Amino acid sequence: MNKIKLFLYFLAAGILTTLSSCEDPDLNPYVEPETAVHGLAAFATGSAKNYAVSDMATGVKFDLQWVSIDSKNTVTKIEVFVTYSEKYIDPEKNPRTANHGTKRVVLVEGSNVPANRKPTSFTITPQQVYDLFKDAQFDYGLGKVGVFSNPATPGRTAAARFTTNDLYKITWAFTTADGRYFDSWSDSVCLEFPGANCSQSWGVK
């Protein structure tokens, strides 16, 4: 009887050893979540919240924070991008929106990057946006033309580069000390997460 018990013991031990050796750790369904950073932007106190027609100098000022909730990340580079779009009426009299692209407008690096949850402040003027997009072209329905030389755009002149149909949005990207790059987040972070957003918009009044 003792021999049978001993045999069964070694048999069970062998089966367990075989099963353990066949286990593939890469197939483990649990994935350790990565730490991350997100952003929070707001109009700075006292800032205009829109551009003014015919005023190319007065900008909109923003405060942008990078946030590491667990404080395990350090951001070493902040990039801010501006997207420029325009409402217009096509030749069939339908309202449409022209997307004129996205350009980097602010770069903060190294020791100039503030600490976690400390805002970096910057101003974006109409002149800066114009300088970034002055060569943009778009097909409004009759072939490509220069955005700032389109005769069909009411109110756009050399003195008033932007009109009340123009729209702007900033987004951002963060590079962390370990080389990771964050430039997009889920809708839950952008729209529902406390102390977070993913863009800030303004226009011309």
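The values are calculated or read from the model by the stated rules, or taken from the named source; none is laboratory data. None of the values given here were measured: they were computed from a predicted structure. Cβ coordinates were reconstructed from backbone atoms using ideal geometry, including for glycine residues, and neighbour counts include every protein chain displayed. Heads up: the accessible areas ignore ligands, DNA and RNA and are worked out on the full protein's heavy atoms, side chains in. Shrake-Rupley method; radii C 1.70, N 1.55, O 1.52, S 1.80 Å.
The condition of being under 22 Å from Thr35 (Cα atoms), of a type in the set (A, V, I, L, M) and not in a loop (DSSP other than H, G, I, E, B) holds for only one of Ile78, Ile69, that being Ile78. Taking segment 59-75 as the range and being open to solvent by 20 Å² or more (accessible area, probe 1.4 Å) and under 24 Å from Gln128 (Cβ atoms) as the test, the residues that pass are Lys61, Asp63, Gln65. For segment 77-98, the tally of residues that are farther than 12 Å from Phe138 by Cβ and surrounded by 16 or more Cβ atoms within 10 Å (Cβ to Cβ) stands at 7. When segment 99-115 is limited to residues that are closer than 10 Å to Thr76 by Cβ and not polar (S, T, N, Q), the one that is most open to solvent (accessible area, probe 1.4 Å) turns out to be Glu109. Residue under question is Asp166, and the condition is that it be touching a Ser or Thr at 6+ places or on another chain (Cβ under 9 Å) and charged (D, E, K, R); does it hold? The answer is yes for Asp166. Of all positions in segment 90-105, none carries a residue that is of a type in the set (Asp, Glu), touching a residue at least 40 places away in the same chain (Cβ under 8 Å) and touching an Asp or Glu at 6+ places or on another chain (Cβ under 8 Å).
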